[in-house]
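The values are calculated or read from the model by the stated rules, or taken from the named source; none is laboratory data. Not measured: the values here are computed from a predicted model. Ideal geometry is used to build each Cβ from the backbone, glycine not excepted, and the neighbour counts take in all protein chains shown. Heads up: the accessible areas ignore ligands, DNA and RNA and are worked out on the full protein's heavy atoms, side chains in. Shrake-Rupley method; radii C 1.70, N 1.55, O 1.52, S 1.80 Å.
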Amino acid sequence: MYEINQNKTVKSSEKNRPSLALTLGDPAGIGPEVILKALADSAIHENCDVTVVGSRDLLLGVYQQLNTTDLADPDDLQVMDVPLENKVAENIVMGRGNAASGAASFAYMESAIACTLSGKFDGIVTAPIAKSAWKLAGYDYPGQTELLAEKSGVDRFGMLFVARSPHTGWILRTLLATTHIPLSQVAVTLTPELLTRKLDLLVECLEADFGLKNGKIAIAGLNPHSGEQGQLGQEEQDWLIPWLEQERQNRPHWQLDGPIPPDTMWVKPGQAWYGNSTVKNPADAYLALYHDQGLIPVKLMAFDRAVNTSIGLPFVRTSPDHGTAFDIAGQGIADATSMKAAIELATELVSQRLKVSSAK
């Protein structure tokens with residue numbers, strides 16, 4: 001087993017296998033359960049080495065409480081045990097996010113980030129946290145993505161959601177231009193400069209992590225019907241359309257479609273996801289302008305298998321696209337499909353980066 005101050009992890013470059021840190025998330029939520037369920041699948045371990053970063057005693061307690069055959073035995077796992085203060089550990093209650101569970105999940109994240117930046121891991125897979133619990137613990141971050149960016153010293157980052165259709169094998173990739181901000185702030189936050197940074201990140205990710213050197217990117221409008229020539233909002237006419245025309249000139253190898261009316265942009269992805277044979281040439285990626293514009297369709301199609309990928313970081317980070325689910329924590333009914341997908345995608349992305357790096 002691993003202690004936080006032990007240097008036992010072996011970087012993938014030494015073993016030619018991705019080495020991943022898997023954070024426990026909020027220990028009062030379903031994170032420990034979906035981790036144990038995901039790691040019980042032997043296929044998960046075939047192409048990567050996984051170290052759980054969290055509280056070993058808590059993980060063992062969940063294993064004993066649930067007592068089902070579909071869980072990995074913590075004694076068979078690599079666990080980096082992150083020490084918690086007694087008053088924190090004693091106040092963690094299953095199904096109840098509070099200051100103690102927030103402090104614990106924050107400590108797990110900090111440890112995983114530090115070890116990854118020091119070269120012990122190639123990437124991080126994060127179980128869900130509760131932002132409210134972080135705030136109760138005194139940590140005021142919009143989410144894990146922002147903490148990862150701050151600790152990594154980067155100011156160019158984004159949230160890309162990736163899911164592979166179980167019906168057709170088609171891959172849905174959706175980047176959010178703005179993330180965890182109130183809807184009232186979206187229009188004033190969006191600027192040509194911001195969208196250029198996000199599009200840069202998206203193209204870089206598609207090239208480096210997915211091996212795509214050209215393709216099609218669909219970009220949403222902001223207003224209903226993309227403003228309908230200024231009748232339903234001026235943003236498209238004032239700057240979004242001119243910005244897009246300039247980007248088409250700057251990126252001749254990429255087909256940039258848009259601004260597409262938000263209510264119709266998701267028709268082709270839906271058809272490609274569910275196997276409508278009439279759909280032709282869906283986009284390789286979709287750029288949504290705000291959180292719900294992108295995540296309502298993503299979660300409608302792929303709630304149990306979508307993966308949140310932080311792009312722009314110096315390492316790979318993925319996370320299942322669901323929350324802490326305090327209401328079902330400890331009941332043994334949580335679905336680990338998205339956690340498995342997050343580990344598998346992290347393995348693929350790290351492998352692709354290693355392949356590109358070795359070719360240089």
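Here the helices (runs of 4 or more DSSP H) wholly within the range 266-360 that include at least 2 residues being of a type in the set (D, E) are 337-359.
The residues of the range 73-128 that are over 15 Å from D57 (Cβ atoms) and free of Cβ contacts under 8 Å to residues at least 12 places away in the same chain, listed by number, are D76, S118.
Residue count for the range 199-210 under the criterion of being in a helix (DSSP H, G or I) and within 16 Å of the chain's Cα centre (by Cα): the result is 4. For the range 129-158, the set of residues classified as open to solvent by less than 10 Å² (accessible area, probe 1.4 Å), under 23 Å from Q352 (Cα atoms) and either modelled with pLDDT under 95 or of a type in the set (G, A, S) (or both) consists of T145, A149, G158, listed by residue number.
Restricting attention to the range 310-360, report how many residues are of a type in the set (D, E), open to solvent by 20 Å² or more (accessible area, probe 1.4 Å) and farther than 21 Å from A72 by Cα. Within the range 310-360, residues that are of a type in the set (D, E), open to solvent by 20 Å² or more (accessible area, probe 1.4 Å) and farther than 21 Å from A72 by Cα number 2. Of all the numbered requirements in (1) at pLDDT 95 or above; (2) more than 27 Å from A149 (Cβ to Cβ); (3) open to solvent by 20 Å² or more (accessible area, probe 1.4 Å); (4) assigned to a loop (DSSP other than H, G, I, E, B), L71 misses one, and that requirement is (3). Across the range 37-56, the qualifying residues are those that are without any contact (Cβ under 8 Å) to a residue 60 or more places away in the chain and out of contact with any helix residue (DSSP H, G or I) (no Cβ under 8 Å at 6 or more places or on another chain), and the one among them that is most open to solvent (accessible area, probe 1.4 Å) is E46.
Against the conditions (1) surrounded by fewer than 16 Cβ atoms within 10 Å (Cβ to Cβ); (2) of a type in the set (G, A, S); (3) assigned to a helix (DSSP H, G or I), G230 satisfies every one except (3).
Whether a residue is open to solvent by 40 Å² or more (accessible area, probe 1.4 Å) and without any contact (Cβ under 8 Å) to a residue 60 or more places away in the chain was assessed, and P166 does not pass this test. Can you tell me which of (1) within 22 Å of W266 (Cα to Cα); (2) in contact with an Asp or Glu (Cβ under 7 Å, 6 or more places away or on another chain); (3) at pLDDT below 95 is the one E235 doesn't meet? Going through (1) within 22 Å of W266 (Cα to Cα); (2) in contact with an Asp or Glu (Cβ under 7 Å, 6 or more places away or on another chain); (3) at pLDDT below 95 one by one, E235 breaks only (2). Of the residues making up the range 120-132, at least one is of a type in the set (K, R) and not in a loop (DSSP other than H, G, I, E, B).
Does at least one position in the range 112-128 carry a residue that is hydrophobic (A, V, I, L, M, F, W, C), within 30 Å of L240 (Cβ to Cβ) and either open to solvent by less than 10 Å² (accessible area, probe 1.4 Å) or at pLDDT 95 or above (or both)? Checked the range 112-128: no residue is hydrophobic (A, V, I, L, M, F, W, C), within 30 Å of L240 (Cβ to Cβ) and either open to solvent by less than 10 Å² (accessible area, probe 1.4 Å) or at pLDDT 95 or above (or both).
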